[in-house]
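Inspection log for the structure reproduced underneath, given as structure tokens.
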Amino acid sequence: MPTKLTEQILRQCLGLDCQAVTLYRRLAQTVEVPHLKALFETMLREENAHVATWKRLIESCTEGLLPNLFVNPSQVSQDLAELGRRVQRLHDQFDILVQCNHPLLLALRLEFYLLHPAVMKLMHYMRGVDPVVSGFTAYESHLGHLLDAMQREPALVSSLDAELLSEAVRNVYQAFEMSVNAPLRDGLTGLLNRQGLRVAEAPLLHLARRNGDPVAFMLTDVDKLQWINETYGHTRGDEVLRQAALSLRTHLRQSDLVGRFGGDEFLAVLAPVEPASLEPIARKVQQQLAQESPLPVPVTVSIGVACGRLTDNPLDSGNNLLVAAERAMHAVLQRGRISIVDLC
């Protein structure tokens, strides 16, 4: 996607959340009921966090760190422009809407507008790439504050319209989460799948190249998975794969990428990383899986790691590290050992 159009979409999303900040500030200043004022102040703080995250995404975009996320970016931009006009009408009609309706209904209408597929896709992408700093990590709880307040509000408890609208917003959010998440996630382990890894690794590699940080590709193969399936059944084999995913996720940082690369293979991308830390991390993954094996016998994994610094083309040099990690893994395959190639 052309960088200018990507940046335009991000700036439209930023504008929507800036409008949300203004609206929640007006609601917090207008209402006199203490628990509603506290709610709108909480929503305001969280929207400010969203604004800060959009700004970080725009910076990443201008540096060429974002992948192509949209099939038809021009249509997305048009949709967001119309959405901006709808949110602006909430501002223009604020006094009338607050007088004629409960303030919570105004806030709920705003959040319903913001549940646009493009906004949700970008939120989901940012959570996957940098969940530590992302203001979108707790978006479900952000929406939950409002929906829970509506269920407790005496003036709305008996309102069928309020109940239906609240349920509709919750269902739309869950449906968007599922539709955005499914193509990039492995259904068995919940980790990123191969496509999800490719989408998520691009900005990580560009950032590592810019900062001059070492990057490691760690490829883990569950030994004798076919034998496990034939001996104990595919259900137990699936348990082994889920346990392997858990072991990797436990011993890697939240900022590291980890996904299911193939049938019995898992790939982790660590950046930045200290080369000396790689073998201890791999050992811990092996030990946990052996100790917490879902089978009557220990489960072993073979791990190949390649570590190095990236060249001017981060994606190509990242792929070279992946090839080196594959070679290292195949050198110890089925033997429950670790092979590390340090190219730093």
Inset, instruction - May I ask you to list the lysines whose Cα is less than 26 Å away from that of Lys4, ignoring any residue fewer than eight positions away on the same chain? - result: Lys55, Lys121
Legend entry - Evaluated at q = 0.07, 0.10, 0.11 Å⁻¹: base-10 log I(q)/I(0), Debye formula over Cα of the chain: -0.38, -0.71, -0.81
Legend entry - FRET efficiency for Gln254 and Asn171, using Cβ-Cβ distance with R0 set to 25 Å, rounded to 0.05: 0.30
Legend entry - Relative contact order [Cα under 8 Å, 6+ residues apart], the chain, whole percent: 15 percent
Inset, instruction - Grab the Cα-Cα distance for Asp342 and Asp95, subtract it from 0.36 nm times how many residues apart they are, and report the gain in nm with one decimal. - result: 82.5 nm
Inset, instruction - Just the Kirkwood number for the stretch 1-99, please: inverse of mean 1/r across all distinct Cα pairs, in Å, one decimal. - result: 14.9 Å
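For the stretch 194-342, what ratio Rg/Rh do Cα atoms give with a Kirkwood hydrodynamic radius?
Rounded to two decimals, Rg over Rh is 0.98.
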Legend entry - Positive minus negative residues near Leu14 (Lys, Arg vs Asp, Glu; Cβ under 13 Å): -1
Inset, instruction - Kindly work out what percent of the DSSP beta bridges joining two residues of the chain are antiparallel, to the nearest 5. - result: 75 percent
Legend entry - Spin-label model distance (nm) - Glu230 vs Gln291, 7 Å beyond Cα toward Cβ: 3.2 nm
Inset, instruction - Note down the nm distance, to one decimal, between modelled labels 7 Å out along Cα→Cβ at His330 and at Arg210. - result: 3.5 nm
Inset, instruction - Grab the beta carbon distance between Ala276 and Asn72, set R0 = 51 Å, and tell me the FRET efficiency rounded to 0.05. - result: 0.65
Legend entry - Efficiency of FRET between Lys121 and Thr62 - r from beta-carbon atoms, R0 22 angstrom, step 0.05: 0.65
Inset, instruction - Based on alpha-carbon positions alone, could you give the equivalent ellipsoid semi-axes of the stretch 253-339 from the gyration tensor, as √(5λ), descending, whole Å? - result: 25, 14, 12
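For Gln88 and Glu32 in one chain, what is 0.36 nm times their gap in residues minus the Cα-Cα distance, to one decimal in nm?
Numbers: separation 56, 0.36 × 56 = 20.16 nm, distance 2.40 nm.
Result: 17.8 nm gained on full extension.
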Inset, instruction - Check cross-link reach from Lys284 to the lysines: straight Cα distance under 21 Å, and skip same-chain residues fewer than eight apart. - result: Lys224
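Where a number appears in this text, it was derived from the coordinates with a stated rule and is not lab data. None of these values were measured; they are calculated from a predicted model. Counting neighbours? That spans all protein chains shown, and the Cβs are built from the backbone with ideal geometry, glycine included.
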